[in-house]
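Beneath this line is the structure, given in structure tokens, with notes to follow.
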Amino acid sequence: MANSSLQVDVAIIGGGGAGIPAAIEVARAGGKALVLEQASECGGTAAISGGGCCIVGTPLQKSQGIEDTPDIAFEDWVKWGGGAADEVWARYYLEHTLHDLYHWAESCGARWVDMKSQEGNRVLRWHRPDNNGLGLMTAFIKTAESLPSITIMTSASAERLLTQDGRVCGVAAKRNNETFDIRSKTVIVATGGFNSNLNMVLEHRPEFRKFKVMEGSGFGAKGEGHKMVKELGGYLTHMEDIWFYVYATPDYRDPRQRRGLVFRMVPGYIWFNQQGKRFHNESLTGGASASPALLAQNPPHAWAIADTPMLSKIDVADPYYRRGEVIDRAKVQELLDNSPYIKKADTLEELGKKTGVEDLKNFLAEIEAYNKCIEAGLEKEPKFGKSLKQSKKFDSPPYYAIQIFPLARKNFGGVKTDLHCRVLNKYFEPIPGLYAAGEVSGMAGGHINGKAGLEGTMLGPSIFSGRVAGAWAAHEAGFGPGFVGKPNRPELA
Ligand SMILES: Cc1cc2nc3c(=O)[nH]c(=O)nc-3n(C[C@H](O)[C@H](O)[C@H](O)COP(=O)(O)OP(=O)(O)OC[C@H]3O[C@@H](n4cnc5c(N)ncnc54)[C@H](O)[C@@H]3O)c2cc1C
């Protein structure tokens, strides 16, 4: 294939949460789409994600008596975004979530199963699909594979955008060390974020250079699309708005010692700083309150303390710790037993000593006080108001202390686009032939969330903007009317 060239209508770089829906739109508009995916299979970060999407006015909400409208959700969204959300894109997304995300995903074979409460939302609107992000992406990928005008090329990396007479006209790519060109009428960049490129994270957040922070997105989220777009004069915005999570421990198997592992499903755990003091309500783990709390500690790391039963359901968000849909408990135990960032002991005193906390007496006293709250049947512990509903006493050794550090997870900024997902230059004019969708464009438009996200506001807008980009890129290539969709405007019904 060396130096050969392929011809399609729309070339799409990245086969993840935005790229696959984009390809489906191109095909349904009548165009030929080619998806270039650097990994050996499609799915991207979306396939390892929790799959949660912020969706408004759904049958699932109604079945639980929840009244929700785009107006209410928009208020929550803008408030939570700290004045930095792109209100036009936020409104556009929220109005389209019911028909163009919820029902559209169902039409691809996905199933929405339940909802979870998330900080900043007045009502439950974080919707989880069956089998999380993997379930959702499997449905989209199967749909794409069923459409003959979509070609998916895996293990193929885009290296550069091609231009002719001021228009983007294709992609220079590489597969098995062979280079080739794809000629297309339009190109969609859907390469995801840059949080698996620590150098790029630190470039945009230099204040973190003095701390240990970890890479925490999917393996392909290295910011390659950002670079390609920037080379052509695309405008990047809000790049410093990176969503950090803190319930993550270093991946001791990573030879570069840069990746972190997010772990969930340990609701009873409590966190101590290096001084041996609790500092936060551990049930609030989102990026809005937990990350600032951890970063305010000196040094900015903590120890998550749990006993053995509390860890029985622990889920480590990394493909190594799963066998398909099932958590590989033996591998999770291997992590608990072998990571130098995890201490294990038969008594809490011995555990405290192993962590090296400065005030061991206080460490033990706080755990005892917490145990007493549970014995007394309190609903919340008094120090930070943590709900004790899912907690138990620390009484079943061995005990564990998992060292946690901030982890860069989601990019709230990126390539600026208009509502057709056309990439804009510094004059806010479209670069002819070039589109961007998903996390490379700060999930949608450049900065749809702002400083903080209501959760489910990464994957949802990535899928939606992928659809929008696909429809308009197909339109510019001569196929279909562009994105139409069906807004949910109950006040006009
Ligand atoms: C563990 C985890 C859990 C998450 N859970 C949630 C959640 O529950 N809800 C939520 O809203 N968000 C969640 N997110 C965020 C969400 O998954 C992402 O924002 C979303 O997947 C972004 O979609 P995307 O298509 O832009 O990127 P991706 O899904 O990452 O897809 C990008 C694709 O582009 C490919 N690519 C990159 N560069 C190139 C290149 N040069 N050539 C060819 N291919 C390339 C990558 O390999 C990748 O497959 C989570 C993130 C993580 C890491």
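The values are calculated or read from the model by the stated rules, or taken from the named source; none is laboratory data. In this text, all values refer to a predicted model and were calculated from it rather than measured experimentally. Ideal geometry is used to build each Cβ from the backbone, glycine not excepted, and the neighbour counts take in all protein chains shown.
Which condition does PRO250 not pass, out of (1) within 14 Å of the ligand (Cβ to nearest atom); (2) within 18 Å of VAL201 (Cα to Cα); (3) at pLDDT 90 or above, if it passes all the others? Checking PRO250 against (1) within 14 Å of the ligand (Cβ to nearest atom); (2) within 18 Å of VAL201 (Cα to Cα); (3) at pLDDT 90 or above, the one that fails is (1). Residue count for region 312-358 satisfying the condition of being surrounded by fewer than 17 Cβ atoms within 10 Å (Cβ to Cβ) and either under 23 Å from the mean Cα position of the chain (by Cα) or β-branched (Val, Ile, Thr) (or both): 11. Scanning region 30-52 for residues that are near the ligand (Cβ under 6 Å from one of its atoms) and over 20 Å from the mean Cα position of the chain (by Cα) yields a single hit, LEU36.
Scanning region 77-108 for residues that are under 22 Å from ALA288 (Cα atoms) and surrounded by fewer than 22 Cβ atoms within 10 Å (Cβ to Cβ) yields a count of 8. Taking region 364-413 as the range and being part of a helix (DSSP H, G or I) and surrounded by 15 or more Cβ atoms within 10 Å (Cβ to Cβ) as the test, the residues that pass are LEU364, GLU366, ILE367, TYR370, ASN371, CYS373, ILE374.
This table checks each residue for (1) more than 22 Å from the chain's Cα centre (by Cα); (2) in a loop (DSSP other than H, G, I, E, B); (3) within 13 Å of the ligand (Cβ to nearest atom).
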| site | (1), (2), (3) |
| --- | --- |
| TYR93 | no, no, yes |
| ARG128 | no, no, yes |
| ALA139 | no, no, no |
| LEU147 | yes, yes, no |
| LEU161 | yes, no, yes |
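Working carefully through the options VAL35, VAL56, VAL26, find the one that is surrounded by 24 or more Cβ atoms within 10 Å (Cβ to Cβ), in contact with a Pro (Cβ under 8 Å, 6 or more places away or on another chain) and more than 29 Å from PHE263 (Cβ to Cβ).
The unique qualifying residue is VAL56.
At pLDDT below 95, closer than 30 Å to PHE479 by Cβ and surrounded by 22 or more Cβ atoms within 10 Å (Cβ to Cβ): which single residue out of GLY133, GLY44 fits that description? Selected residue: GLY133, the only one of GLY133, GLY44 that is at pLDDT below 95, closer than 30 Å to PHE479 by Cβ and surrounded by 22 or more Cβ atoms within 10 Å (Cβ to Cβ). The residues in region 60-119 that are free of Cβ contacts under 8 Å to residues at least 60 places away in the same chain, under 30 Å from GLU145 (Cα atoms) and among the charged types (D, E, K, R) can be counted, and the count is 3.
The number of residues in region 228-244 being outside any loop (DSSP other than H, G, I, E, B) and surrounded by 23 or more Cβ atoms within 10 Å (Cβ to Cβ) comes to 6. Does GLY57 satisfy the criteria of being at positive phi, small (Gly, Ala, Ser), away from the ligand (no atom under 15 Å from the Cβ) and in contact (Cβ under 8 Å) with a residue 24 or more places away in the chain? Spelling it out, GLY57 is indeed at positive phi, small (Gly, Ala, Ser), away from the ligand (no atom under 15 Å from the Cβ) and in contact (Cβ under 8 Å) with a residue 24 or more places away in the chain. When the residues of region 22-44 are filtered to those that are touching a helix residue (DSSP H, G or I) at 6+ places or on another chain (Cβ under 8 Å) and assigned to a helix (DSSP H, G or I), the one that is nearest to GLU224 (Cα to Cα) is GLY44. Of all the numbered requirements in (1) closer than 24 Å to ALA444 by Cα; (2) surrounded by fewer than 16 Cβ atoms within 10 Å (Cβ to Cβ), ARG183 misses one, and that requirement is (1).
Within the set ALA84, ALA73, the sole residue that is part of a loop (DSSP other than H, G, I, E, B) and either out of contact with any strand residue (DSSP E or B) (no Cβ under 7 Å at 6 or more places or on another chain) or away from the ligand (no atom under 11 Å from the Cβ) (or both) turns out to be ALA84. Quickly run through region 195-218 and pick out the residues that are in contact with a Ser or Thr (Cβ under 8 Å, 6 or more places away or on another chain) and part of a loop (DSSP other than H, G, I, E, B). Selection gives ASN195, SER196, GLY216, SER217, GLY218.
Could you pull out the residue among GLY192, GLY170, GLY225 that is buried (at least 18 other Cβ atoms within 10 Å of the Cβ) and assigned to a loop (DSSP other than H, G, I, E, B)?
GLY192
Taken over region 109-123, the criterion of being surrounded by 14 or more Cβ atoms within 10 Å (Cβ to Cβ), more than 12 Å from TRP77 (Cα to Cα) and charged (D, E, K, R) is satisfied by LYS116 alone. One residue stands out in region 298-317 among those that are assigned to a strand (DSSP E or B) and of a type in the set (A, V, I, L, M): the one that is farthest from the ligand (Cβ to nearest atom), namely ILE305.
Being surrounded by fewer than 24 Cβ atoms within 10 Å (Cβ to Cβ), away from the ligand (no atom under 12 Å from the Cβ) and outside any loop (DSSP other than H, G, I, E, B), is that true of even one residue in region 449-470? No, the conditions are met nowhere in region 449-470.
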